[in-house]
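The values are calculated or read from the model by the stated rules, or taken from the named source; none is laboratory data. Quantities reported herein were computed from a predicted structural model and do not represent experimental measurements. Cβ atoms come from the backbone with ideal geometry, glycine included; neighbour counts cover every protein chain shown.
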Amino acid sequence: MEKNFFKKLFNHLPYGVLLVDSKGIVVFQNNTAGVLLGEIYQGDVGCDFFNELKHYPLRYAVNDSIEKKLSFRREFELSSESIVQIDGDLYDDKLCKNGFLLSIYSISQFKKIEKHNRQFVANVSHELKTPLTAIIGYVETLLESEELEESMRLNFLQVVRKNSQRLSQIVNDLLTLSSLEKDEASTEGVTLASAKIKTVILDAIAVCEYKANAKNVTIKFSGDKDFSCLLNPGLMEQAVVNLIDNAIKYTPESGHVDVSLSDSNKNIVIRIMDHGPGIPAKYHARIFERFFSVDKARSRTMGGSGLGLSIVKHIILNHHGQVFVEDNIPHGAVFTILIQKKVIRR
Ligand code: ADP
């Protein structure tokens, strides 16, 4: 009974335990050990561990450890999906003399996050490097050229200003993103209060009017009804501004952008539609990733930070809503925000 109790208990552990005796016979293993080792070991209690183990680096680590009477802790990539950390220790008691104990932990998730963070740092550095290089280059030219024509000097200073603004925008957007992600992870989330959504959308349109006028683009709004919902008006306005701003960017001169407010069942539906080039369907799922761009060179010349849509996604997640992109017919992009009319606070 006691043996069964411990066996059951060990089967509930989130990490694998496997005990081999001095002859290499498996005397104990829990279910998780089998699951974590997967393809490389299909054995069970009573089998010859080294016969069943189909992974040379692990076999070597165990043999070496037994020979040198030293424990080990190592990471093993067992497949593209599975990375484990294994602790190997000498084990000796009256039921298992001169045995060897393996404790196996899955670190796949941790490694995935680590890789993601590394990529993110590389992306940020790359994005910051481009404007910084331009600033340094132009400032050095300004300092070194004593007899520079006034128009040229002004031209260089304008490039320095444009790139400084870009740096500042990237840093501000990164700070916004990090604060949104922190709020998402916290139990309270961002502050949400009952507010009217239509005012927020009209305010967002007003913010974008200046940029639209400069391109002779008209922003058309449709929405007879107004709705109350739980909102952080400042953040929601920023999400809608980011979408309208992109729509204006990608709309040809003298075109128009449509913004609509409606409802369907439990949701409030906000749509931002443009008639630009649209976004190829294969990128629809990736478009909200940080620094993702369909055409990097083009979006850089348009002055974006590459973080606008990520910010939109996190603002909407903080409102417990959804945001997605679809094709506009015959061409263009439609971004849709759905927020529940009645949201249960976290
Ligand atoms: P950016 O600062 O580059 O505009 P965003 O996160 O706002 O960053 O957008 C990411 C990418 O999505 C853009 O670089 C562009 O390729 C694409 N995109 C966003 N909105 C539109 C749109 N309305 N029409 C076409 N492409 C778009």
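Points to keep in mind about this one:
- Filter pass, H284 being out of contact with any Phe, Trp or Tyr (no Cβ under 9 Å at 6 or more places or on another chain), assigned by TED's automatic domain parsing to the domain that holds L230, more than 7 Å from the ligand (Cβ to nearest atom) and not basic (K, R): no
- Criterion violated by N242 - all others in (1) part of a helix (DSSP H, G or I); (2) more than 16 Å from the ligand (Cβ to nearest atom); (3) in the same structural domain as F292 (by TED's automatic domain parsing) satisfied: (2)
- The residue list K313, K341, K296, K249 contains one member that is more than 12 Å from the ligand (Cβ to nearest atom) and basic (K, R), which is K341.
- R286 meets each of the listed conditions (1) outside any loop (DSSP other than H, G, I, E, B); (2) within 15 Å of the chain's Cα centre (by Cα) apart from (1).
- Scanning region 29-59 for residues that are at negative phi and touching a residue at least 40 places away in the same chain (Cβ under 8 Å) yields T32, A33, L36, L37, E39.
- Breaking point among (1) closer than 30 Å to T130 by Cα; (2) among the polar types (S, T, N, Q); (3) surrounded by fewer than 16 Cβ atoms within 10 Å (Cβ to Cβ), for S222: (1)
- Against the criterion of being surrounded by 21 or more Cβ atoms within 10 Å (Cβ to Cβ), modelled with pLDDT of 90 or more and over 29 Å from Q165 (Cα atoms), I244 does not qualify.
- Condition met for I329 (farther than 19 Å from S125 by Cα, more than 7 Å from the ligand (Cβ to nearest atom), in a helix (DSSP H, G or I) and not assigned by TED's automatic domain parsing to the domain that holds R166): no
- Subset of region 68-90 [over 21 Å from I40 (Cβ atoms) and not in a loop (DSSP other than H, G, I, E, B)]: K68, L90
- Filter pass, S65 being under 40 Å from the mean Cα position of the chain (by Cα), more than 19 Å from L13 (Cα to Cα) and either loosely packed, with under 15 Cβ neighbours inside 10 Å or outside the structural domain of G16 (by TED's automatic domain parsing) (or both): no
- Among (1) charged (D, E, K, R); (2) modelled with pLDDT of 95 or more; (3) under 29 Å from E184 (Cβ atoms), the one test that D226 misses: (2)
- Cross-chain or 6+ apart pairs with Cβ under 6 Å, region 240-266 first and within 20 Å of R298 (Cα to Cα), then of a type in the set (F, W, Y) and within 13 Å of the ligand (Cβ to nearest atom): L243/F335
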